[in-house]
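Read-outs throughout are calculated quantities, based only on the coordinates presented, and are distinct from any laboratory measurement. Here the structure is a predicted model, which is why all the values come from computation and not from measurement. Using ideal geometry, Cβ is built from the backbone for each residue, glycine included, and neighbour counts are taken over all protein chains shown.
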Amino acid sequence: MIKGLSISLMLSFVLGIPVCWAQSDYTTTRTTRTTVEETSTVDNPWELSVQGQGVFPMDEADERFDTTVGAAARLMRDINPYASFGVEGGWMRFKDEVSGVKYGRLNGFPLLADLELKMPIAATNNMIVPYAIAGAGVVFWNYDENDGTVLSGIKVDNENNFAAKGGVGIDLYFNSNTALFVEGTYFYSRFKPDVSGAVAVGNKTNVGSVLAGAGLKIKF
């Protein structure tokens, strides 16, 4: 009888192991799913960034516009920890000079819709985040004629144009909500003004440029 009881207890123990393991596995899986869901639910999904930029025109055949500076601000919303979308506004200013003659300055105000793909580095506790970014929209051009151009009877009417950009960057977080970042992109657009009184500034011109920027990001 004792032997039979021992066998029964042993069988109960052996058969109970899979049940306990399954229950433990279910609990672990449920905990893991909860953790993933909590991670995917971003506490601060909005992100505001501002940056200063160096603007380097790439149309070497023209060499009409000089290397210059610009600025940009971006408002993004996280879709998940690896992607976000939003809008971007900026400013850049070129000095317009043809064959040594200075005609004025060209101001560009891009307005773009952006998509950002992030690659958080888990080994850094996601404090270092490389990313790729692309955007498309319109650039609003505004041409400032200089005094000599105005006296010569030259008038430039602005024409807005399509704009697009693509590039890569890296975020360096120093807390969960604030990061410094560096970014390099290629910006594409054309300037096609309606000019009266001169031919030189009336040419359609490629203002494609490399933008090298750095700035600050704040999540909220």
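A few points about this structure:
- Formal net charge of residues neighbouring Ala212 (Cβ-Cβ distance under 15 Å; K, R +1; D, E -1): 0
- The slack in the chain from Asn158 to Asn142, taken as 0.36 nm per residue of separation less the alpha-carbon distance, amounts to 5.2 nm.
- With the convex hull drawn around the C-alpha atoms of the range 72-191, the volume per residue stands at 115 Å³.
- Local electrostatic count at Phe85 - Lys and Arg +1, Asp and Glu -1, tallied over other residues with Cβ under 10 Å: -2
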